[in-house]
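Below you'll find the structure, written out as C-alpha cells, and then a few comments.
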Amino acid sequence: MSNDSFSITMASRRDFLQTSGVGFGALALEWLLQQETVAAEQSQFAHHAARAKSVIWLFMEGGPSHLDLVDPKPLLNELNGQPLPTGFQEPITAMGEKGAPLLAAPRTWTQHGESGLWASEWIPHIAGCMDDIAVIRSCWTNGINHAGGVCQMNTCLDRAGRPSLGAWINYGLGTANENLPSFVVMCDSDGRPVNGPRNWGAGFMPASHQGIRINGTSDEPIANLNLPKDVTDQRQRSKLSLLQEFNREHAARHPQQTELEARIQSYETAFRMQAHAPEAVDLSQETDATQQLYGLDVEETANFGRLCLLSRRLVERGVRFVQLYSGTGSKWDSHTEIEKNHSRLCRSMDKPIAGLLKDLKQRGLLDETLVVWGGEFGRTPMSEKGNGRDHNPTGFSIWMAGGGVKGGQTIGATDELGLYAVEDRMHVKDIHASILWLLGLNNMELNYVSNGRLERPTINEGSFNQKLVTG
C-alpha cells in the first residue's frame, strides 16, 4: 500500500469514526495512534535490562531523623549537652541555633535478621524486614529549607521548573496499563505538601507526564469517577464528545499549550478509568488478614495503611510510579519535641510500610517493585529549642528495598556524630540516577529537548551506585 493510499484510508477511518457513535470511535482511534507513536518514541530509552518495573516512593515530608531511626551514633549520647567538638564545622541550616549543644538520641538499638542491620525501637515492624532493605547512610542535598529540599528530592534541583522524577519515568517508560494513570500521588491528609503539585509536575515537558493526585484516605479515592445515578452512559458519551470537539479546536489554535493536550488526554483516561479504576481502588476485595497486615484495623495506622495497600494494588495493575506523602505539610519537621513528634509519626507509618514490603514479597512483586523511603533531608545532632533538631542537608539516610536491590546492607556512612556524609557519599542526583538505572534507564541517555537545549533528568550529573545490587 502506498503512503497516499494509507493516508486516504486513515482519513476515511477518521471520518467514519468521527460521525458514528457520537465521535467516541474517533477518541479510541486517536488514542491508539498516540500509543503507537509514544511506544515508538520510548523504545529508544530501553538502555539496559530493567530490574524493576515500578517504584513506590514513601516520602516522609519534613525530614525524619536518621540519628533516631537507622544510623546509631553512641558518641552522640556520650557527648549529650556538650558543644560540637573541635573539628566539626556547623552546617548552614535554615533557622538553626548557632552553637547549640548536642542532643542525645535516647533510642534502644537492636540488630535484626541474618544481616544484623541496626534499627531503633521506633520502627519495630520495618526492623523485621531489614534483610530486604539497603540503608544508604551517606545522602546529602543542597536544599536547606523545606521548599528547596522537597523540590530537589523530587526534581534534582532546589528551584522550581524541572520535571519530577515520576514525570521522567512516565516519559521514558510510558504506561503499562492504559486504563490507569502511569504516575500517581497520594497524601495522608487533605492538605498539600510544600510546593504542592510542582512536586509531581512535568516542568518543561508536556503536562501529560505529570502525576495525578488521588485521595487515598477517602472511601472514594478518585473523585467524580462514578457516574451520577441520573446520568446515562449515552448522555455521558455525548457530553464528552462535545467537550472533545471544543478542546481539539482550541488546541489546534494554541499548539504551545501542553496543559490543554494533557486535559484532553485526562478526559480520555478518565473515560477508560470508569470501567477499570473502581476495581483497582476497591479495598473491600482484600481479605481481613491482608487489611490487618497493613494496620487498617487500628485507627493510628489505618490512614497510611490504606495508602500503602492502594499502592500495592496500583503497581500490581501496571502503574509505574506511586508516591506517598507521610506527614503531609512538613509534619516530620521537628524543631521542638522530637520525641513526641517522631514517635507519633513512626507509629502511623511503621506497620503499614512493613506490611507493604511483606505483601509485595509474598505475592512475588517485591523483585520487580522498587520501594524507596526517606525525606528531603535529615536532622542535626545539635539541639534546637532544647528538645528538637534542625534540618540537616549534609548527611542523612534513605533506604531502598526490592527492584533488584541487594537487601541486608548499609551503604556509605556519616561521621561519628551523624552530621556529615563522609563515606560513599550519594547526592540526590545519584539517588535519582540509581532509581532510573534499576528501571532500565540511563540518566545520561534519557533526554528531552526544551527550547533547543538537551535536558537530562539529573542535569548532566549523578551516577548509579553499583553497591545497591552487589553489596
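Annotations for the structure displayed:
For every residue, the table says whether it meets (1) touching a Gly at 6+ places or on another chain (Cβ under 8 Å); (2) outside any loop (DSSP other than H, G, I, E, B); (3) modelled with pLDDT under 95.
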residue: D390; (1), (2), (3): yes, yes, no
residue: V405; (1), (2), (3): no, no, no
residue: T410; (1), (2), (3): no, yes, no
residue: V422; (1), (2), (3): yes, yes, no
residue: H432; (1), (2), (3): yes, yes, no
residue: N443; (1), (2), (3): yes, no, no
residue: I459; (1), (2), (3): no, no, no
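- Conditions (1) of a type outside the set (K, R); (2) crowded, with 18+ Cβ neighbours inside 10 Å; (3) free of Cβ contacts under 8 Å to residues at least 60 places away in the same chain; number of the one not met by M444: (2)
- Any hit, the range 183-195, residues being assigned to a strand (DSSP E or B), among the β-branched types (V, I, T) and in contact (Cβ under 8 Å) with a residue 24 or more places away in the chain: yes
- Flag: F204 matches the condition of being within 25 Å of R162 (Cα to Cα) and at pLDDT 75 or above.
Residue-by-condition table, conditions (1) free of Cβ contacts under 8 Å to residues at least 40 places away in the same chain; (2) under 30 Å from L75 (Cβ atoms); (3) among the acidic types (D, E):
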| site | (1), (2), (3) |
| --- | --- |
| G378 | no, yes, no |
| G386 | no, yes, no |
| R389 | no, yes, no |
| N392 | no, yes, no |
| G403 | no, no, no |
| E423 | no, yes, yes |
| L468 | no, yes, no |
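- Restricted to the range 330-356, and to residues there that are more than 17 Å from the chain's Cα centre (by Cα) and among the hydroxyl-bearing types (S, T, Y), the residue that is nearest to V298 (Cα to Cα) is S348.
- Counted residues, the range 411-438 - those being surrounded by 22 or more Cβ atoms within 10 Å (Cβ to Cβ) and either of a type in the set (G, A, S) or over 24 Å from G143 (Cβ atoms) (or both): 4
- Within the range 75-96, restricting attention to residues that are at pLDDT below 80 and small (G, A, S), the residue that is nearest to the chain's Cα centre (by Cα) is A94.
- Qualifying residue in the range 51-70 (condition: in contact with a helix residue (DSSP H, G or I) (Cβ under 8 Å, 6 or more places away or on another chain) and part of a helix (DSSP H, G or I)): yes
- Filter result (assigned to a loop (DSSP other than H, G, I, E, B) and either modelled with pLDDT of 95 or more or surrounded by 22 or more Cβ atoms within 10 Å (Cβ to Cβ) (or both)) within the range 162-179: R162, P163, S164
The values are calculated or read from the model by the stated rules, or taken from the named source; none is laboratory data. As the structure is a computational prediction, the values presented were derived from the model and not from experiment. No Cβ is skipped: glycine too gets one built from the backbone with ideal geometry, and neighbour counts run over all protein chains shown.
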